[in-house]
């Protein structure tokens, strides 16, 4: 039982670095389950979703801080999903970012806060899709 637990542990919990996990999974001929509808990467989605968030917040901060100072206070940061919005909320204060908004999961309940939609940084959005959205402050 202990030996089986040792073999399965790297699959169940993220104890290996990404490169080591990929080699381990290939050696055991394991394929990740499709739990999302997007293209699958080499890491299971639950592990992959833990990487790159601070770098993303830093990138958004560069965009946000490049805006004229008079526009920044009215600029919303819109995450397409709760992961993106949560990353901004977790790491954004370090970079001077305001709290994020999103329409995904419980972020939907918080609404657009006091943003009007006049200035929005959107992560991974298509302009034609975004132009259909309406912002109405609560």
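The values are calculated or read from the model by the stated rules, or taken from the named source; none is laboratory data. What you see is a predicted model, and the numbers here were worked out from it, not measured in a lab. FYI the Cβ positions are ideal-geometry reconstructions off the backbone, even for glycines, and counts take in every protein chain you see.
Of the numbered criteria (1) at pLDDT 95 or above; (2) over 16 Å from the mean Cα position of the chain (by Cα); (3) surrounded by fewer than 15 Cβ atoms within 10 Å (Cβ to Cβ), the one residue 75 fails is (3). Take residue 120 and decide whether it is touching a strand residue (DSSP E or B) at 6+ places or on another chain (Cβ under 6 Å) and either in a loop (DSSP other than H, G, I, E, B) or surrounded by fewer than 18 Cβ atoms within 10 Å (Cβ to Cβ) (or both). No: the conditions fail for residue 120. Quick check on the stretch 88-96. Is at least one of its residues in a loop (DSSP other than H, G, I, E, B), surrounded by 10 or more Cβ atoms within 10 Å (Cβ to Cβ), modelled with pLDDT of 90 or more and in contact with a helix residue (DSSP H, G or I) (Cβ under 9 Å, 6 or more places away or on another chain)? Within the stretch 88-96 (the criterion being in a loop (DSSP other than H, G, I, E, B), surrounded by 10 or more Cβ atoms within 10 Å (Cβ to Cβ), modelled with pLDDT of 90 or more and in contact with a helix residue (DSSP H, G or I) (Cβ under 9 Å, 6 or more places away or on another chain)), the answer is yes, since at least one residue qualifies. Can you spot a residue in the stretch 62-79 that is under 25 Å from residue 47 (Cβ atoms), in contact with a helix residue (DSSP H, G or I) (Cβ under 7 Å, 6 or more places away or on another chain) and not in a strand (DSSP E or B)? Taking every residue of the stretch 62-79 in turn, none turns out to be under 25 Å from residue 47 (Cβ atoms), in contact with a helix residue (DSSP H, G or I) (Cβ under 7 Å, 6 or more places away or on another chain) and not in a strand (DSSP E or B). Pairs meeting the criteria (first residue in the stretch 117-135 and on the phi > 0 side of the Ramachandran plot, second residue at pLDDT 80 or above and assigned to a loop (DSSP other than H, G, I, E, B), beta carbons under 6 Å, at least 6 apart or on different chains) are 124/80. Just the residues that are under 17 Å from residue 80 (Cβ atoms) and loosely packed, with under 14 Cβ neighbours inside 10 Å, please, taken from the stretch 56-68. Of everything in the stretch 56-68, those that are under 17 Å from residue 80 (Cβ atoms) and loosely packed, with under 14 Cβ neighbours inside 10 Å turn out to be 59, 63.
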